[in-house]
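The values are calculated or read from the model by the stated rules, or taken from the named source; none is laboratory data. The shown structure was predicted, so the numbers you read here are calculated from the model rather than taken from an experiment. Areas reflect the complete protein model, heavy atoms only, side chains present, ligands, DNA and RNA absent. Shrake-Rupley method; radii C 1.70, N 1.55, O 1.52, S 1.80 Å.
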Amino acid sequence: MLLVVAAAMIEDGRVLVQQRPEGTSLAGLWEFPGGKIEPGESPEAALARELDEELGVAVDPAALVPLTFASEALADRHLMLLLYRLDRWEGVPEARHASALAWADSAALRGLSMPPADVPFLEVLAPLLGGGAVLR
Ligand code: DGT
């Protein structure tokens, strides 16, 4: 089981996404910042650590609100991807691991190539973001 935590950091109706760099799996695709939970770590502590490492922002683990999750078979493992919503953090996100960062509204998000596990997240995020009607 591959347990991964990720954050939907939302500001002014847009969510932060980052582009996976060359040389990693899924290179070039846009994802939500986050990463694997280390042994002995809580999901919230893992996500706060990843956001510090990847973006240089400080996060109160108590501010991470569970939003939705994805469950998907990979080649040799099963991915459980836990998405949290985050509305407050300290610092200005900078791309320390990613090749680029972008703030995307709903329409912009739909135009980005994302890992397959992330695609169902767009519908969940749409009501929280600007830039497009929610399709029902
Ligand atoms: P590393 O380089 O081994 O320290 O990796 P971590 O712990 O930074 O994790 P990462 O982000 O490279 O890998 C997370 C796994 O989850 C990877 O197989 C890609 C997959 N994944 C699918 N969607 C997402 C997403 O939205 N965000 C993140 N962070 N990973 C995603």
- Message: Given a 1.4 angstrom probe, what's the average accessible area per residue across the chain, in square angstrom?
- Response: 52
- Once you wrap a convex hull around the alpha carbon atoms of the chain, what is its projected area averaged over all directions, in nm²? 8.1
- Query: Near the amide H of Ala8, under 5 Å away, which other amide H atoms are found, from residues 5 or more places off or on another chain, if H is placed in the peptide plane?
  - Reply: Tyr84, Arg85, Leu86
- Could you list which residues have their amide H under 5 Å from that of Leu29, counting only those 5 or more apart in sequence or on another chain, with H placed in the peptide plane? Arg20
- Tell me, what % of the accessible area of the chain is carbon and sulfur with a 1.4 angstrom probe? 53
- Query: Ignoring ligands, DNA and RNA, how do Arg14, Arg20 rank by accessible area with a 1.4 Å probe, largest first?
  - Reply: Arg14, Arg20
